[in-house]
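The values are calculated or read from the model by the stated rules, or taken from the named source; none is laboratory data. Being a predicted model, the structure only gives us computed values, none of them experimental. Here the Cβ is made from the backbone with ideal geometry for all residues, glycine too, and neighbour counts use every protein chain on show.
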Amino acid sequence: MAIVLTARQLLTPLERIDDAVLVIEDRIIADIGTREGVTIPSGARLINFGDAILTPGLIDIHIHGGAGRDVMDASEEGLAVIERQMARHGVTGYCPTTVTAPIDSTLHALENLGRAIAGKYIHGDRAHPLGIHLEGPFLSHARRGVHSPLYLQAASLQLFHRMREAAGGHVSIMTIAPELDGALDLIADATRCGICVSIGHSNADLEHAVAGIRAGARHATHTFNAMRRFDHRDPGLLGTILTDDAITADIIADGLHVWPEVVDLFVRAKGLDRAILITDGISATGMPDGTYHLGLYQVQLREGRCESHGKLAGSVLTMDRAVRNVMRFARLRFQDAIRLATLNPARVLGLEKRKGVVQAGADADVAVFSSDGHVRQTIVGGVIAGN
C-alpha cells in the first residue's frame, strides 16, 4: 500500500516545495510535488503533518555511540539502542566510527559492524548503518587526541586490507594522517578501493597535506580538532582544507570543539557544497552526567562536555541540534543547514542518488521537522517510527 505524506513544506534540500505531497511505494519515493500537481494513488494511506517541514533523513558520517552504548561493542542489541536514539533526532543513515584499539579488538568490531551493514535491515525506529568509518589506527602521535599511543600503527597496506576484509568490504571512510611514512601509498590504495580517504588527526604541514590530496584524499575529519594549528606563515593542513575546493570537510558544531565564530568561518570557506556536519557522538549522548566509554577509554561527561585525561573526547551533540546550531553560528537558512546534514554527507559516501535527497527513485528516508527545527517524526525506508 502506498503512503502519502502531506506538509506545509518540503525541502529536497536544493529546492523548496510549498503545500507539499510525498508519495512512498515499496520503500521508495515514487513522487513529490504540490497537492495540485501530484496524483494520490487509490487506497493510499494518508498522513498529514500539517505545518511541518519534510526533509531528507539526516546522515551522520562520524559517530561512536549513544544512549550508553559504543559501536566498538558492535552487538546487535547495542547497535539497536544507538540507532533508535539517532532516529529520534532525525538520523536515518550513519557511519559507525571506530576508535584506535588493539588490532584483535578492532577486527572483531569490524566483523560485527560489517555483518550489520550487510544485513540491510529496515526498522522505522532505527537509523541504518551505511558504511564503516575507520578513525585510526593510522594517526599522528602528535595529534592523536584521546587515541591511545599504544595502539597507533604505521601506515600499512597489509593491515588496512586485513581490516577491510574483516568488515566484509563495508568500509566507506578512512581517517589518516598523510605525513606518516607510507601514508601516500595507503591513501592511493584505499582510494582505488572506493573508500573516501579523509585527512585527520594530523600534524601535516602544507606540503604533506597537498601530497595527501594528490594521492587521493578528498575529505577532512573534524576540521580544526586534532590538527596542526594554523599560522599565517605556516598554514599547514588547515590552510589546504579551507582553501582547496577539491576536498570536502566536516565539523563538530557544538560550540565546544569549535567556537561559533570559527564555525561561521568554516562555512564561509568551504561553502554550502563542501561543508558537512557531524556529531562525533559517543556513548554518553542522551545520558546524564557520569562516566562512559569511547572504545576502551573512560570518558567523563559533565555539563555537556566529554573529557578523558583533560582532553575533549567526542561529544554529546545530536544531528538535529547541529543543524540548529549552524543556523545560529553561521546565520544559515534552515534549508541550507539541512543540506550540510543530508545531501553533502551522502555525496561523501557516493550515495547521493538514493540518500540525502527527496526525489523520485530515492530511498524513502525522511525527517519531519517543526517550524522551529525540532524533529517530529522520522521515516526510514518508508517505515514510520512507532508504526
Report summary line: When every residue in region 92-144 that is farther than 24 Å from Ala313 by Cα, in a loop (DSSP other than H, G, I, E, B) and not acidic (Asp, Glu) is compared, the one modelled with the highest pLDDT is Arg126
Report task. Could you please let me know if Gln153 is over 29 Å from Arg321 (Cβ atoms), in contact with a helix residue (DSSP H, G or I) (Cβ under 7 Å, 6 or more places away or on another chain) and either assigned by TED's automatic domain parsing to the domain that holds Gly314 or outside any loop (DSSP other than H, G, I, E, B) (or both)? Result -> yes
**Report entry** Only one of Ser148, Ser172 that is assigned by TED's automatic domain parsing to the domain that holds His309, among the hydroxyl-bearing types (Ser, Thr, Tyr) and more than 23 Å from Leu79 (Cα to Cα)
**Finding:** Ser148
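With the condition being closer than 30 Å to Thr175 by Cβ, I'd like the strands (runs of 3 or more DSSP E) fully within region 1-91 carrying at least 2 qualifying residues.
53-56, 58-63
To keep it simple, each residue is scored yes or no on (1) surrounded by 23 or more Cβ atoms within 10 Å (Cβ to Cβ); (2) not polar (S, T, N, Q).
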residue	(1), (2)
Arg324	no, yes
Arg333	no, yes
Ala346	yes, yes
Leu351	no, yes
Gly356	yes, yes
Ala360	no, yes
Ala367	yes, yes
Ser371	no, no
Thr378	yes, no
Requested in this report: List the number of the failed condition for His89; all other conditions in (1) under 18 Å from Ile195 (Cβ atoms); (2) under 18 Å from the mean Cα position of the chain (by Cα) hold.
Outcome: (1)
Query raised in the report: Out of curiosity, is Ser75 at pLDDT below 95 and in the same structural domain as Asp250 (by TED's automatic domain parsing)?
Result: yes
